[in-house]
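Novice: Pasting a structure below so you can have a look.
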Amino acid sequence: MNTPVRNPVRQVWAALRALLALTLVCGVIYPLAVTGAAQVLMPGRANGSEITAEGRTVGSALIGQRYDRPGGAPDLRWFQPRPSEGLGTNSRNTQYSLLVSGASNLAGDNPELIDRVTAARAAVVRDNSVPGHPVDPAAVPPDAVTSSGSGLDPDISPAYAHLQVRRVAARNHLAAGQVAELVERHTEGRALGFVGEPRVNVLRLNIALRQLLTGAS
């Protein structure tokens, strides 16, 4: 037999107190504690891994950016990132051509992917060949012609960075050795010495290139 509720007001008040207590603990105290711990232990990551230059935030170490001229053609004065094909187009964030992060999900034998990679390789060879130093199509690394799983990879391989050195040097009237040294200084090794692959953050590299150009001018 069900026991009748003798004091509904008392039970409602108990439920409200439980709600208020849980709201305070889970909605205020816990978020503040986690946020405070993150700010103390890893402030850079907690704030989005921001990269600053000349006193202002210019991007994140986790998100790739394009370096294009008005009209969408690559600005060949700068190191270029990986292609950014993904799940959708972008009409608002002009720094990158994606609206939805993700892979294209095209199979390796998909004709669209094959045509895309073929065209990208031809563009890399054309853009990075300089007089006396043509680029061998067989030397074009995979990350130069394919997007990452997220479509927003901020890093490129050292091989792709070095492939761009002579073009960047020629476009900016610098010695190739100076630009190659920049790449070496901004090449990060494997995490913990064995996880992942060596990489170069394109945004940090281009910031260093701008600083070199400013000092040289």
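The values are calculated or read from the model by the stated rules, or taken from the named source; none is laboratory data. Predicted model, so just to flag it, every value in this text is computed and none were measured. Positions of Cβ are backbone-derived with ideal geometry, glycine not excepted, and every protein chain shown enters the neighbour counts.
Novice: Taking the range 71-89 on its own, how many of its residues are modelled with pLDDT of 85 or more, assigned to a loop (DSSP other than H, G, I, E, B) and out of contact with any Leu (no Cβ under 6 Å at 6 or more places or on another chain)? It would help to see each step written out before you state the result.
Specialist: In the first step, residues of the range 71-89 are kept if they are modelled with pLDDT of 85 or more; the result is 73-83.
Going one step further and asking which of them are assigned to a loop (DSSP other than H, G, I, E, B), we end up with 73, 75-83.
In the following step, the residues that additionally are out of contact with any Leu (no Cβ under 6 Å at 6 or more places or on another chain) were identified as 73, 75-78, 80-83.
So the answer is 9.
Novice: Checking Ile51 against (1) out of contact with any strand residue (DSSP E or B) (no Cβ under 6 Å at 6 or more places or on another chain); (2) closer than 17 Å to Asp153 by Cα; (3) aliphatic (A, V, I, L, M), which test does it fail?
Specialist: (1)
Novice: In the range 55-65, which residues are part of a loop (DSSP other than H, G, I, E, B) and either touching a helix residue (DSSP H, G or I) at 6+ places or on another chain (Cβ under 8 Å) or under 13 Å from Arg204 (Cα atoms) (or both)? Talk me through it step by step, then tell me what you get.
Specialist: First, the residues of the range 55-65 that are part of a loop (DSSP other than H, G, I, E, B): 55, 61-65.
Within the range 55-65, Ala61, Leu62, Ile63, Gly64, Gln65 qualify.
Novice: Take Arg66 and tell me if it is without any contact (Cβ under 8 Å) to a residue 40 or more places away in the chain, within 28 Å of Asn128 (Cβ to Cβ), out of contact with any strand residue (DSSP E or B) (no Cβ under 7 Å at 6 or more places or on another chain) and surrounded by 10 or more Cβ atoms within 10 Å (Cβ to Cβ).
Specialist: Working: without any contact (Cβ under 8 Å) to a residue 40 or more places away in the chain: yes; within 28 Å of Asn128 (Cβ to Cβ): yes; out of contact with any strand residue (DSSP E or B) (no Cβ under 7 Å at 6 or more places or on another chain): yes; surrounded by 10 or more Cβ atoms within 10 Å (Cβ to Cβ): yes.
Yes: the conditions hold for Arg66.
Novice: When you scan the range 106-217 for helices (runs of 4 or more DSSP H) that lie fully inside it, which ones turn up with 1 or more residues that are at pLDDT below 90? Steps first, please.
Specialist: Working: elements: 111-128, 158-163, 165-171, 176-185, 202-216.
Because the criterion is at least 1 residues that are at pLDDT below 90, the helices (runs of 4 or more DSSP H) in the range 106-217 that meet it are 111-128, 202-216.
Novice: Now, a different point. For the range 31-60, give me each residue that is hydrophobic (A, V, I, L, M, F, W, C) and either surrounded by 13 or more Cβ atoms within 10 Å (Cβ to Cβ) or at positive phi (or both).
Specialist: Listed by number, the residues that qualify are Ala38, Ala46, Ile51, Ala53, Val58.
Novice: If a residue has to be polar (S, T, N, Q) and at pLDDT 85 or above to count, how many in the range 30-55 make the cut?
Specialist: Residues of the range 30-55 that are polar (S, T, N, Q), as a first pass: 35, 39, 47, 49, 52.
Filter once more, keeping what is at pLDDT 85 or above: 35, 39.
Counting residues in the range 30-55 that are polar (S, T, N, Q) and at pLDDT 85 or above gives 2.
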